[in-house]
Amino acid sequence: MRTTVGIVGGGPAGLLLARLLHRAGIDCVVLENRSRAYAERRQRAGMLEQGTVDVLRECGAGDRLDVEGLPHRGIELRFDRERHHIDFPTLTGGRGVMIYPQTEIVKDLIALQLAGGPPLLFEAEALAVESPLSDSPVVRYVHEGREQTLDCDYVVGCDGDHGVSRAAFPAGTYRTYAHDYPYSWLGILADVPPSGGELVYARGATGFALHSMRSTTVSRLYLQVPNGTDPDDWSDERIWDELAARFAVDGDWRLNRGTITAKSVTSLRSRVHEPMRHGRLLLAGDAAHIVPPTGAKGLNLAVSDVRVLARGLIELHRTGSTQLLDHYSQLCLDRVWQATRFSYDMTRMLHAQPDGDAFDHRIQLARLRRITTSRRAAAELAANYTGLPLGR
Ligand code: PHB
């Protein structure tokens, strides 16, 4: 098979890129190694910055989002048994965020793609990206039991942290910056209406808790737990009791409890792979960078990579100029590092250190107090949370 842009990975980054290229008349093929059902079930944070919402609308994937998405005008910070609302529109000159599950974005993009979009192959396992420095890089993959090749002008690796694309960067051509956090998140999905209208980020006495949501009837909640935690060690009752304790405030607020339908533990990591390009192989999203989930930047970063990349490939297609494409890595990495810094700061501000360092705890409370008493400090959080502009 031959195509202009070979896209490895059919998550939100790969699907969105295919959509943007297809609308500009550039042909591409998407290879996804999992099944459609699996791709549509992958749970990820569903907080969309304005820029993410805009691009989904622009490419015709905004219809259901506009009906079912929940616009949020802020978040709540909790600490010292107090509640504080951070109001984004007043702090940012009108910006907000939208809550719409990533599973639904993927479903919407897959449906568009299968209805006359470019080819999307499920259960097509990429084995390797070859000859990225030549004019015609190749993706080798297995589909329907046969090994095949996809010859491309460009290959885009949207195949996440464990994908084969990044592995095609030879030693010495890149550097990976890494940080591991000394705690994990136990996440649950529950069939229960959210206990409030906004996401709640809590620095409870015994650690972090987050109250998020997938819809008006499904809640998503997280607890900070030690690394290596087995989710089976946490009974449903123990989870609800610990959540209630960490969210507890003076005044009346109650945590809605309901049936837990999924339970899993995720570790928290930061990774940045530089540069994001090697010859005619370009990386986007988790293939190039990982952020801890605090602040929900992962999907939004993937979408901003794809916006820059689509613009570069469209410019090349229309004018023959590689100017934008040549600056792809640099343009993206500025924003990636800002989101990496923000996610790191949010994580450090809200989680209990495993050694229970009392000094560290007081510094965290002082940071939270600063945000809730200084308009300037709150505006800085709001600007980062709702999404920084692209570029310098
Ligand atoms: C989620 O809804 O899963 C979520 C939301 C916000 C975060 C992290 C996760 O910061």
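Please treat every number below as a calculation from the coordinates, not as lab data. All values reported here derive from a predicted model rather than from experimental measurement. Here the Cβ is made from the backbone with ideal geometry for all residues, glycine too, and neighbour counts use every protein chain on show.
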Between the alpha carbon centres of region 13-38 and region 327-389 the gap in Å comes to 33
Total formal charge among the other residues, if their Cβ is under 11 angstrom from that of GLU380, Lys/Arg +1 and Asp/Glu -1: +2
Just grab the label-to-label distance for ALA244 and THR173, each label 7 Å out from Cα along the Cβ direction, in nm (one decimal). 5.7
Could you go through region 79-93 in sequence order and give the Karplus-derived ³J(HN,Hα) for each residue, using 6.51 cos²θ - 1.76 cosθ + 1.60 with θ = phi - 60°, rounded to whole Hz, and x for Gly and Pro? 6, 6, 6, 10, 10, 9, 8, 9, 9, 5, x, 6, 8, 10, x
Linear extension gain, ASP161 paired with LEU365, 0.36 nm per residue minus alpha-carbon span: 70.1 nm
Treating only Lys and Arg (+1) and Asp and Glu (-1) as charged, each at its beta carbon, one finds that region 255-392 has a dipole about its Cα centre, in Debye to the nearest 20, of 380
How much length is gained on full extension from ASP345 to GLU147, taking 0.36 nm per residue of separation minus their Cα-Cα distance? 66.8 nm
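Only Lys, Arg, Asp and Glu count, each charged at its Cβ (+1, +1, -1, -1), so figure out the dipole size of the chain about its Cα centre, rounded to 20 debye.
That gives a dipole near 900 debye.
What does the helix-only formula give at 222 nm for the chain: each DSSP H stretch with n ≥ 4 adding -39500 (n - 2.57), the total divided by the residues, and the result rounded to the nearest 500 deg cm²/dmol?
Rounded to the nearest 500, the figure is -11000 deg cm²/dmol.
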Given charges at Cβ of Lys, Arg, Asp, Glu: the chain dipole, positive-most of HIS162, ALA352, GLY228: ALA352
Using a 7 Å offset from the Cα along the Cα-to-Cβ direction at both ASP87 and SER35, what is the distance between the two label points in nm, to one decimal? 4.9
Extension length gain for VAL67 and ALA262 (0.36 nm per residue less Cα distance), in nm, is 67.6 nm
Protection proxy ranking of 202-212, 350-360, 372-382 - average other beta-carbon atoms within 10 Å, highest first: 202-212, 372-382, 350-360
Spelling it out for ARG44: with amide H atoms placed in the peptide plane at 1.01 Å from N, the residues 5 or more places away or on another chain with amide H under 5 Å from its amide H are GLN102, THR103
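Let me make sure I get this right: for region 105-189, a, b and c are the square roots of the gyration tensor eigenvalues over alpha carbons, sorted descending. Under 1.5 in a/c it's rounded, otherwise prolate if a/b > b/c, else oblate. Which is it?
Since a/c reaches 1.5 but b/c is at least a/b, the shape of region 105-189 is classed as oblate.
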Could you derive backbone 3J(HN,Hα) for region 62-76 from the dihedral phi with the Karplus parameters 6.51, -1.76 and 1.60 (θ = phi - 60°), listing whole Hz in sequence and x where the residue is Gly or Pro? x, 4, 6, 4, 6, 8, 9, x, 10, x, 10, 9, x, 10, 10
